[in-house]
Amino acid sequence: MGIEKNNVNTYNDKYLADAKRMAEHFIAAAAKLKENGETALIFPHRSVDGDCVGSACGLCSVLRALGADAYVAMPEKLPEDMSFLGIEDLLFFPWNVPSFEEDRLVEGKPYGAAYAVDCSEGNRMGDCGKYFDMFDEHLIVDHHQSVLVRNDNIWVMPEASSASELCFYVAIAIEEITGKDVIDQRAAECFMAGIVTDTGRFTYTNTNPETLVAAGILMARGANINDVSYNLFDRVKVGNYRISAAARLTTKFFADGKIAVTFVPRELFDEYGADAQGVDDVVAAMRDIDGVELAMMLRTLENGSIRGNLRSKSYFDCSKLASKFGGGGHAKASGFTVTGIDLTELADQVLEEALKMI
C-alpha cells in the first residue's frame, strides 16, 4: 500500500521524515476533532488554482476518511474548469454566511481548527484570511519559498512540485501509520489535478522523480490523468478562446524582446463573454516565445482589483518582482493582486521594476 524507502531510490530521508511528522500531526488533529465534536477548515489561497484546490480537497477527503469533519474554506467560487472533480460537498464559503464570524459554525458544528495548504498566511486567503487568523496554531503544508515561518506544525519544501505532491506523501504516511486506506479515487484525482497544474503537465523544471512516483500511484488509485489534463488545460469555451487570442495579439515586447507584456481590461471579458479563466493560458504561452525571459499579464478582475501573473524561463526571479506589489510565489511563477490603481498605470510600474531586474 505505502511507499517503502528502498523501492524509490530518490525518495530521500528528509522527505520521508517530514511526511511522517506531518502525518502524525494530522492523525492527532483528526482524533481531537472527533472527540470534541468539532470540524476543521482547510484554507487555500485566493485566486484559486488547481494546486491549492487539489491539495485542500485531497487533504479534506483524507481527514474525512480518518473520521473527522472537515471542509475547504473557499475564498471565492469554484472555477468552472474544476467542476469535473465533483468536490462541491467538500466546500464551504464563510464569506457567504453572515453569522459565521460570530457563530463559528460549519454545517452546524463548531469550527475548531484551521489548516492551510499552498499558502501559510491569512493575507493570501482573501476574505477567508480573517477566519484563519482567529487561531494561534495551524497545520500548514506549502511549497512557496516566500514562507518565512518555521516550526514543527509546518512543512515547507520549495523544491517540491506542488502542495498537492506534499499532501499526497502526507496521506501515504498516514496510511502507513494507521493501516487505513485514506486516498480514495476522488482524493487521488484532486492531488493529481494539483500536480498536473503546477508542473504544466510534467513539463516544468519542478518535476522531480518523486513527482512522477506520486503521479503513478495516484493513477493506480483511480485518478484519470487524461480527464484532469483535458479539463484543466485543453477544454475551452468560445468566449475564452477568443479573449485568449485577443490578449496574445496585444502583447508588447521590451528589453530587446526579453520581456513580454499584455494586459486585459474588464471590458474585454464583457465583449467576448469570457469568464475569469479565459486568459489563464496566455502568460505561459508568452513565456514560451523565443527570446522571452519574463512574461507578464495584468487583468482586471470582476471586483475591480488587478491580478498580475508572472512567468520566467530561466534566470529571472518572479517572486522578487511580485513581492514589490504585495504578492509572491515561485522563482519562475508568481502573482500579485492590487487594488485602487488604473490598469495601465500599474502596468507601467511593474514594467519599470522589471526593467531594473532583467
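The values are calculated or read from the model by the stated rules, or taken from the named source; none is laboratory data. These figures come from a predicted structure and were not determined experimentally. Here the Cβ positions follow ideal geometry from the backbone for every residue, glycine too, while neighbour counts run over all protein chains shown.
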Residues of segment 288-321 that turn out to be modelled with pLDDT of 95 or more, farther than 17 Å from Thr344 by Cα and either among the aliphatic types (A, V, I, L, M) or crowded, with 20+ Cβ neighbours inside 10 Å (or both), as a count: 8
Among the candidates Asp118, Asp181, Asp152, residue that is under 14 Å from the mean Cα position of the chain (by Cα) and of a type in the set (D, E, K, R): Asp118
In segment 66-115, the residues that are surrounded by fewer than 20 Cβ atoms within 10 Å (Cβ to Cβ), of a type in the set (Gly, Ala, Ser) and more than 18 Å from the chain's Cα centre (by Cα): Gly67, Ser99, Gly108, Gly112
Residue in segment 251-272 that is more than 24 Å from Asp348 (Cβ to Cβ), in contact (Cβ under 8 Å) with a residue 12 or more places away in the chain and in contact with a Lys or Arg (Cβ under 9 Å, 6 or more places away or on another chain) present: yes
Within segment 340-352, tally of residues that are of a type in the set (A, V, I, L, M, F, W, C) and not in a helix (DSSP H, G or I): 1
Verdict on Leu355 being modelled with pLDDT of 95 or more, part of a helix (DSSP H, G or I) and either among the basic types (Lys, Arg) or farther than 24 Å from Arg235 by Cβ (or both): yes
Matching strands (runs of 3 or more DSSP E) fully within segment 105-192 where at least 1 residues are of a type in the set (Asp, Glu): 139-142
Residue within segment 230-242 that is assigned by TED's automatic domain parsing to the domain that holds Val338, touching a residue at least 12 places away in the same chain (Cβ under 8 Å) and in contact with a strand residue (DSSP E or B) (Cβ under 7 Å, 6 or more places away or on another chain) present: no
Conditions (1) within 23 Å of Glu38 (Cβ to Cβ); (2) surrounded by 23 or more Cβ atoms within 10 Å (Cβ to Cβ); (3) of a type in the set (A, V, I, L, M): number failed by Ala160: (1)
Subset of segment 176-217 [among the acidic types (Asp, Glu) and farther than 20 Å from Lys313 by Cα]: Glu176, Asp181, Asp184, Glu189, Glu210
Hey, Leu268 within 20 Å of the chain's Cα centre (by Cα), surrounded by 16 or more Cβ atoms within 10 Å (Cβ to Cβ) and either of a type in the set (Asp, Glu) or not in a loop (DSSP other than H, G, I, E, B) (or both) or not: no
Residue satisfying condition, being among the hydroxyl-bearing types (Ser, Thr, Tyr), within 29 Å of Glu121 (Cα to Cα) and in a helix (DSSP H, G or I), within set Ser244, Ser334, Ser319: Ser319
Some residue of segment 221-236 being surrounded by 15 or more Cβ atoms within 10 Å (Cβ to Cβ) and over 30 Å from Asp184 (Cα atoms): no
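For every residue, the table says whether it meets (1) in a loop (DSSP other than H, G, I, E, B); (2) among the charged types (D, E, K, R); (3) in the same structural domain as Ser161 (by TED's automatic domain parsing).
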position	(1), (2), (3)
Asp198	no, yes, yes
Phe202	yes, no, yes
Thr207	yes, no, yes
Val213	no, no, yes
Gly216	no, no, yes
Met219	no, no, yes
Asp227	no, yes, yes
Pairs, first assigned to a loop (DSSP other than H, G, I, E, B) in segment 86-103, second surrounded by 12 or more Cβ atoms within 10 Å (Cβ to Cβ) and not aliphatic (A, V, I, L, M), C-beta under 7 Å, six or more apart: Gly86/Arg186; Ile87/Cys57; Ile87/Cys190
Considering residues of segment 164-219 that are within 22 Å of Ala331 (Cα to Cα) and free of Cβ contacts under 8 Å to residues at least 24 places away in the same chain only, the residue surrounded by the fewest Cβ atoms within 10 Å (Cβ to Cβ): Thr203
